[in-house]
Each structure stands twice: as structure tokens, then as C-alpha cells.
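*Asks:* Quick one: this structure, given as C-alpha cells, is what I'll be asking you about.
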Ligand code: PAF
């Protein structure tokens with residue numbers, strides 16, 4: 001991979017990179033199209049990273065289908081698909097991890113304590129392997145995107161990080177590889193996540209500012225579905241992810257909910273009314 005990227009760089013071509021864990025959907029393809037637009041060459045990786053799954057999480061059952069993924073990537077046209085093995089990324093004796101001090105101690109990091117250390121470590125390694133000029137990550141994984149922006153800034157990596165907008169199913173459900181776990185009867189429960197976010201955004205546009213009230217309303221709407229178990233619903237500063245009480249500036253509303261056994265996340269930016 002490094003030799004291939006060196007070749008591209010020597011030929012004066014810029015490299016755009018989209019790291020994924022496979023089982024691709026339109027959301028991933030939109031990130032690839034964005035990278036293609038912004039760089040001369042596109043590299044995609046597929047690696048289900050064991051280091052970002054905790055005990056009891058879905059590493060073993062995470063959906064995988066390389067043939068299907070390759071056909072989808074071909075519709076965008078990548079210059080390289082990088083699919084390393086876990087033993088190559090984490091050889092025997094591997095002991096160097098990358099972790100951030102505060103950003104992971106919010107939102108998803110609270111219930112997934114190893115997740116961001118795993119993400120930061122593998123993304124650092126993938127950056128060293130692929131040597132991209134720019135990399136594109138989805139805004140659905142908002143906290144992950146912030147972690148990677150901070151990582152790149154803190155470690156002086158010469159890589160531009162670009163966020164790609166959330167891509168939704170026609171009914172509003174944010175696209176996710178984990179949507180494949182949902183059975184049709186769980187759809188209304190899954191949709192309550194996005195509906196709650198849209199409702200909160202409308203309330204903020206209409207002039208409401210008290211975060212606690214909006215969080216309580218979203219929690220009530222989501223909990224009305226028996227299948228749903230809320231991990232968190234949070235309104236917070238979009239950069240630090242610190243919770244906020246009163247929405248005076250654009251704020252992030254983010255949530256994570258287990259629908260049956262499927263953990264889903266979603267988010268929206270709440271824009272206060274212009275007075
Ligand atoms: O968002 C993902 O698919 C993964 O967390 C990433 C960024 C590919 C790292 O494993």
C-alpha cells in the first residue's frame with residue numbers, strides 16, 4: 001500500500017482516502033464521490049477493526065460481504081482498495097495505541113470505553129499506510145469525526161479531514177451498515193430517532209432554548225417504543241461535545257439508542273431562531 005501511494009505521490013497525484021469497515025451503502029459511496037472530486041486518486045480501505053469493539057459488542061457478527069462491496073466501489077471507481085488482515089495491522093507484540101484525553105469521555109465513549117482508542121489507533125495506522133492528502137469521514141459518526149480532526153491537528157498530520165453529510169433512507173433513517181440487523185417491525189422504533197431530532201430542530205427554530213426540555217421530549221418519544229433502550233440523548237457544544245443548558249448558538253443534538261439488539265446513532269445541528 002505504501003509503495004502504491006509513493007508511486008501516486010511521485011507522479012504528482014493527490015490521494016483522497018475513505019476508510020471503511022465494509023458492508024457499504026450509499027452513505028459510504030457519497031464519501032467516496034466527495035474524495036474523488038477533491039483528489040486525483042481515490043483509495044478505499046475495508047477493515048473491520050477489532051480494536052474498536054468492546055467485549056460483548058458485534059465484532060464477530062459485524063456484516064461482511066467483500067464481493068458486494070467491490071461491485072459497489074466499482075460504480076464510483078477507486079484507484080485502490082486496501083483490505084489488510086487483522087494480523088497485519090496488529091501483529092504479535094503490538095502495543096502502541098493512540099488515545100485522546102477528553103473528547104472520548106462524552107456521548108458514545110461513555111458506553112464504549114475502548115471505541116475511540118481503537119478508532120484513533122487504526123486511523124493513524126491507515127494514514128501512515130495510505131499516505132493520503134485528504135480523508136473523508138461521515139458526519140453520522142459525528143464524535144468520531146471530531147476525534148479524527150483533533151488527532152490530525154494534535155499530531156501535526158499533513159492531511160485534510162473532510163466531513164461528508166449524513167445520507168438517509170427515503171423514510172429518514174440514517175444509513176448504517178448496522179441497519180441490516182433491523183427487522184421490518186423495528187422500523188418505526190428506529191425511525192423515532194430521526195423524528196425526535198427533527199422535532200427538536202423545529203422547536204429550536206421556533207425559539208425554544210432549554211436543552212433539558214428538548215432532551216426530555218426526545219427521550220419520551222423514543223422510549224414510547226418498547227424495543228428502544230436509550231444510551232444517551234445529548235445537546236452539546238459541536239466542538240468540545242460538552243453538554244449545554246441553553247441553546248444560543250448552533251448546537252449538536254446527538255443520540256444513541258439500542259433498537260432491540262441493534263445500536264443506532266444519529267445527530268442534527270440545532271440552529272437557534274434568528275432574532
Ligand atoms: O467509521 C468507520 O467505519 C470506522 O470507525 C473507521 C473510521 C473505518 C475506523 O475503523
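We did not get these values from a lab; they are worked out from the coordinates using the rules stated. Model, not experiment: these values are computed from the prediction. As a convention, Cβ positions derive from the backbone with ideal geometry for all residues, glycine included, and neighbour counts pool all protein chains shown.
*Asks:* At what distance in nm do the modelled label points of residue 212 and residue 269 sit from each other, each positioned 7 Å from its Cα along Cα→Cβ?
*Replies:* Reported label-point gap for residue 212 and residue 269 is 2.8 nm.
*Asks:* On to the next question. Length gain on complete extension for the stretch residue 94 to residue 10, per 0.36 nm per residue less the alpha carbon to alpha carbon distance?
*Replies:* Values: separation 84, 0.36 × 84 = 30.24 nm, distance 3.07 nm.
This chain segment gains 27.2 nm when fully extended.
*Asks:* Tell me the mean residue ellipticity at 222 nm calculated for the chain from its helices only (DSSP H runs of n ≥ 4, each -39500 (n - 2.57), averaged over every residue, nearest 500). Show your work: numbers first, answer last.
*Replies:* Working: 9 runs with 103 residues, N = 275.
Value at 222 nm, helices only, nearest 500: -11500 deg cm²/dmol.
*Asks:* Let me ask something additional. Which residue, 40, 65, 141, has the most motion in a Gaussian network model of the chain that connects Cα atoms within less than 10 Å?
*Replies:* Its mean-square fluctuation being the largest, the pick is 65.
*Asks:* To continue, here is another question. Assuming 0.36 nm per residue, please report the length gained on full extension of the stretch residue 3 to residue 171 beyond their Cα-Cα distance. Please report the intermediate quantities before stating the final value.
*Replies:* Numbers: separation 168, 0.36 × 168 = 60.48 nm, distance 4.38 nm.
Extending this stretch completely gives an extra 56.1 nm.
*Asks:* Take the stretch 220-275, compute every pairwise Cα distance, and split them into 5 Å bins from 0; I just need the percent in each bin.
*Replies:* The calculated distribution, bin by bin, is 4, 19, 24, 19, 15, 12, 5, 1, 0.
*Asks:* By how many nm would the segment from residue 74 to residue 202 lengthen if fully extended, with 0.36 nm per residue of separation less the alpha-carbon distance? Please list the in-between numbers first.
*Replies:* Values: separation 128, 0.36 × 128 = 46.08 nm, distance 3.93 nm.
The residue 74-residue 202 span can extend by a further 42.2 nm.
*Asks:* Related question: Just to be sure I understand: with springs between alpha-carbon atoms less than 10 Å apart, which residue in 70, 32, 253 has the highest mean-square fluctuation in the Gaussian network model of the chain?
*Replies:* Among 70, 32, 253, the largest mean-square fluctuation in the Gaussian network model of the chain belongs to 70.
*Asks:* Listing 83, 209 from the residue with the fewest other Cβ atoms within 10 Å to the one with the most, what is the order? If you can, show how the numbers build up before the last one.
*Replies:* Numbers: 83 12, 209 17.
Starting with the residue having the fewest Cβ neighbours, the order is 83, 209.
*Asks:* OK, next. Starting from the 7 Å offset along Cα-to-Cβ, what nm value, one decimal, do you get for the label separation of residue 26 and residue 183?
*Replies:* Calculated label separation equals 2.6 nm.
*Asks:* A further question follows. Go ahead and run the numbers for FRET between residue 195 and residue 261, Cβ-Cβ distance against an R0 of 22 Å, rounding to 0.05.
*Replies:* Step by step, r from the Cβ atoms, then E = 0.55.
*Asks:* Neighbouring Cβ atoms within 10 Å as the yardstick, rank 10, 258 fewest first.
*Replies:* Working: 10 8, 258 15.
Fewest-to-most ranking of 10, 258: 10, 258.
*Asks:* What order, most packed first, do the peptides 51-59, 182-190, 20-28 have when packing is the mean number of other Cβ atoms within 10 Å of each residue? Spell out each step's value before the answer.
*Replies:* Numbers: 51-59: 13.8, 182-190: 15.4, 20-28: 20.1.
Ranking the peptides 51-59, 182-190, 20-28 by packing returns 20-28, 182-190, 51-59.
*Asks:* Test of understanding: extend the Cα→C-beta vector of residue 58 to 7 Å, then name every residue of the stretch 10-26 with backbone N under 19 Å from that spot.
*Replies:* Taking a point 7 Å out along Cα→Cβ of residue 58, the residues of the stretch 10-26 whose backbone N falls under 19 Å are 20-26.
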